[in-house]
Amino acid sequence: MNFESINLEAKFACFSDHWSPRVVAELNDYQFKLVKAEGEFVWHSHQETAEAFIVVEGTLEIEFRDGTVTLSAGELFVVPKGVEHRPVARGECKILLLEPRNVVNTGNAGGELTAKNDVWI
């Protein structure tokens, strides 16, 4: 067993690309992923799972077809399973995601922002 804590700030310092989640831990079949965000992501949904966004630094807007939720550092929001959404970061934002292993970041949308799964740092 590893008795070392995971320093999120140090892990965020290990990468610079945006919209490309990095796994830092697992809990059963769920992964904790760090992602740096800036600009607009794609409209997408995850038909099989909900997705938790925890903002570590910055501000994140999560747009829905009928409204928007704005998250600041220290705030959490869970996007329900199957709900179409689009994350938007007007400046760089650091996010901790919690979602099941093998979830594709672009959900049903695909495209050039689709990141590799299970990339650990």
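Assorted remarks:
- Candidates are the residues of the stretch 105-121 that are without any contact (Cβ under 8 Å) to a residue 60 or more places away in the chain and surrounded by 14 or more Cβ atoms within 10 Å (Cβ to Cβ); the one that is nearest to Val24 (Cα to Cα) is Asn117.
- Selected residue [touching a Cys at 6+ places or on another chain (Cβ under 9 Å) and of a type in the set (Gly, Ala, Ser)] from Ala50, Ala37: Ala37
- Listed by position, the strands (runs of 3 or more DSSP E) enclosed by the stretch 4-79 that each have at least 3 residues that are touching a His at 6+ places or on another chain (Cβ under 9 Å) are 30-40, 59-64.
Yes/no per residue for (1) over 15 Å from Ala109 (Cβ atoms); (2) of a type in the set (Ser, Thr, Tyr); (3) touching a Pro at 6+ places or on another chain (Cβ under 8 Å):
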{"site": "Asp17", "(1), (2), (3)": "yes, no, no"}
{"site": "Leu27", "(1), (2), (3)": "yes, no, no"}
{"site": "Gln31", "(1), (2), (3)": "yes, no, yes"}
{"site": "Gly58", "(1), (2), (3)": "yes, no, no"}
{"site": "Val79", "(1), (2), (3)": "no, no, no"}
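- Some residue of the stretch 89-98 being over 19 Å from Arg22 (Cα atoms), crowded, with 16+ Cβ neighbours inside 10 Å and either free of Cβ contacts under 8 Å to residues at least 60 places away in the same chain or of a type in the set (A, V, I, L, M) (or both): no
- Of the numbered criteria (1) assigned to a loop (DSSP other than H, G, I, E, B); (2) more than 12 Å from the chain's Cα centre (by Cα); (3) closer than 30 Å to Ser5 by Cβ, the one Ala115 fails is (2).
- Number of the exception - Phe53 against (1) among the aromatic types (Phe, Trp, Tyr); (2) surrounded by 15 or more Cβ atoms within 10 Å (Cβ to Cβ); (3) without any contact (Cβ under 8 Å) to a residue 60 or more places away in the chain; (4) over 23 Å from Ala10 (Cβ atoms): (4)
Read-outs: derived from the displayed coordinates by stated rules, not from any lab. Treat the numbers as computed from the prediction; the structure is a model and nothing was measured. Note that each Cβ is placed from the backbone with ideal geometry, even for glycine, and that neighbours are counted across all protein chains shown.
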